[in-house]
Amino acid sequence: MATLAVMGLALFMNAGTANAFNDAPRLFTVPMMLALAVPATYAAVAATTPHLRRHFRHVLLWMAASAPFWIIGAIAGPEIRIWWWAGAAGIDLIGTWTAPPVPGNTRRGTQRLEFDAAHMLERMRLFLIILLGETVLTLGRVIADHPSEPATLLTALGVFLALICLWAVYFGRAEQLVVRRVSASEDPIRSVHVGMNVIYGVVAGLVMLAAGSETLIAHAQDRAGVSGVLLLAGPAIYLLSQAIYFHLDSDGSSLPRYTGAAVLTAVPPPGTGSRYTPPSLCSSSS
């Protein structure tokens, strides 16, 4: 029931995202706060162990600390709303990273907690597949809008090959390293926690790649420089995010990704005046 409730709330929250900084911020904030508070309240009452119940009670206290910022931001004008919400998001982020401590309580390490790491890795894997699929759909929409232009087809082919390489960077071997590392870890919660936060960088990289390809094809004449930067920065951030994860929580698999991100950063973006040959992203995989 909690999952269904969160699903329904997320539906309204997503619908309110477009106008969150306009005239309908409550359609975004109210469902979001409920979607966070309802599962935490349920877990604080019905979790399987006393420690987990105590943990989620601490989570609720941290939510109570950030809630006024979310509420004031929804009431405040659009020009200052971002600052209130940034404060709220900062409190939530600090609470998440510090495993919500509360004054007067001794923090307990996550090593002792039961945790289904395999399930969370599966969720992360599916999320990455969805992101790659969304990027392909964006590319397909752009092709449909400009079907008869050779430059469009060549650009789309290049971006699609880049997506294949980005897919191979993770699913070729990296996923096996992640699973093996988490399975052998004494603190799988930390490993998955780091991975879930790294996903934000992966999301940003794929969004930038999709936006860059769309802008290059649809607005090549007046925005070639911007689109070129996005086309290179997106894969660079994607690789850098994975490199950080492997650097923090795995063995020697971060160097190829750091190298790939550095190469993409050093290459002159297309549309800036230099003749551009896309580098092989596949060379960054391990």
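The values are calculated or read from the model by the stated rules, or taken from the named source; none is laboratory data. What you are looking at is a predicted structure, and each value in this text was computed from that prediction instead of being measured. Backbone-built Cβ (ideal geometry, glycine too); neighbour counts: all protein chains shown.
All conditions in (1) more than 20 Å from Leu4 (Cβ to Cβ); (2) touching a residue at least 24 places away in the same chain (Cβ under 8 Å); (3) part of a helix (DSSP H, G or I); (4) of a type in the set (Val, Ile, Thr) hold for Ile80, with the sole exception of (2). Taking the stretch 1-36 as the range and being over 25 Å from Ile80 (Cα atoms), out of contact with any Phe, Trp or Tyr (no Cβ under 6 Å at 6 or more places or on another chain) and either assigned to a helix (DSSP H, G or I) or at pLDDT 85 or above (or both) as the test, the residues that pass are Thr3, Leu4, Ala5, Val6, Met7, Gly8, Leu9, Leu11.
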